Amino acid sequence: MNDSNQNRFLKLRDVALDGRATQEEIRELESIAKASPERLREFAEAAAIHGELCLLGIEAREQQRTANPVTRETKGSRTWRSITWAMALASSVLVATALWNRNANPADPNETFAVLETTVECLWQTSTVPLAEGQRLGVGHLRLASGFASLRFDNETQLDLEGPADLQILDPMHCRLASGTAVVTVRDGLRGFVVDTPTGRLTDQGTSFGVSVKSDGASVVEVFDGRVDLEVRETGETRSLTQQTSAWLLSQQILSPNEYRLPSTNDARRLTQIFTSQGDGGDVWIQRDPENRKGPEDLLLVKKSDELIEFDRQILLRFDFRGLADQPIERAALQLTAVPSGIGFASRTPDSTFSVYGRSLPNEATPLSPDTVRWLDLETETSGWSLVDRFVIPKGSQSESHTIESASLNDLVNQHRSDIIELVIVRDTPETMGGGLVHAFASSRHESIPGPTLRVWQ
């Protein structure tokens, strides 16, 4: 997501909700918001909260006026105008929001609409639905460590899950596959069954297809019969696949099998893993207001708020590449493991986009600690930071492994493979509802989960 567009969106949103936007600004806000599903959701949530707060203010003033008849209402017209602006624009964008976010009106959590039909040598991890054959299923989360499970929906859609896999059932026509492999077969005449992946969306148009989500979030889709429509989450690019065709659904584009370069099968022989605990490396989380810094030190915390910005957090990682063989690096990947922070509520935090920035350091660097680092304002920072990649953590996901891999990361480590490299992780998606989740990753000090790791292949 373009940072300048996001900043402009936030400014226009606040002006519109306050009732001070011109018609030209309203049109610009509509254009920017409708270009991004995330911004649509952000605005809809902010408009709803703003409207509630305005109504509470009106009720309070009405009570005061009734108790004291000589009190004049001085802000009523502006408040109602603010509500009108917010509700009118929210109504226009919610139509577009519904097209992307099929979960805007989630199914009743007590309703069942599928059955766990078959299980073969299944080893389940923590899940939120019954896991015995024949059990009725509704909205829920299935984590299959190994084995095979077959789900049959009441609309006769069959979904076969191959472990290891992570699947969320959102409603009778909508699932989210965070990792692993699924094969979906839809009965004749049914259209619109949706499978979301970390990089995009698959919409069935009467077909049978398979999708496999790899460790880096990329998805390979193969259509066995009929047609499937693909959409890239970040860019909105679309493509239709028909019988006996396949494609890679990536974070920025859709590629045919001939266009996509698979990692070499010999990568493991040339793999070197660099940890933040090695040499002069390190990892630390930074709070915008250090006086209020509180939180576990075995985790790396990251958060962005619209209002309470003093509690914003970002992560600084340092990797010492000195001593690495002086050979070109063919591939580099940053590995992070998300863990629950215990701070805030996941249900009040939408799908969240994170950005990773990188730079190199001189051979001598101050050791990393909460006392030696300062908040980095990457919009104004001029010390060589450049964007490496972005990734998305779906709403509710707190315990997954994330791999960040891009051409920009490759270029950075290749240019500075004998130096110290720093990476900063920030959350682009702000908290708009209050009480939102503080995302966390395991640090090098965690007693049982691996900390940040840079894997390089030479």
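Since every read-out is calculated from the coordinates, none of them should be taken as a lab result. Remember, predicted model here, so these are calculated numbers, not experimental data. Using ideal geometry, Cβ is built from the backbone for each residue, glycine included, and neighbour counts are taken over all protein chains shown.
Counting other Cβ atoms within 10 Å, which chymotrypsin sites (Phe, Trp or Tyr not before Pro) in segment 359-415 have at most 16 and lie in a DSSP loop?
Qualifying residues, ordered by number: 375, 385.
Rg/Rh for segment 357-419 to two decimals, with Rh computed the Kirkwood way over all alpha-carbon pairs.
1.01
Please report the relative contact order for segment 230-357, taking Cα pairs under 8 Å with a sequence separation of at least 6, and give it as a percent rounded to a whole number.
Answer for segment 230-357 is 16 percent.
Between residue 188 and residue 379, what is the label-to-label distance in nm when each label sits 7 Å out along the Cα-to-Cβ direction?
Inter-label distance under the simple model: 5.7 nm.
Rg/Rh for segment 271-331: what does it come to with C-alpha atoms and Rh from Kirkwood?
Taking Rg over the Kirkwood Rh, I get 1.15.
Quick one: if you take sqrt(5λ) for each eigenvalue of the C-alpha gyration tensor of segment 110-191, what semi-axes come out, biggest first, whole angstrom? Spell out each step's value before the answer.
Details: eigenvalues 68, 37, 28 Å².
That gives 18, 14, 12 Å for the three semi-axes.
Which length gain, in nm to one decimal place, applies between residue 24 and residue 408 when the Cα-Cα distance is subtracted from 0.36 nm times their residue separation?
This chain segment gains 134.5 nm when fully extended.
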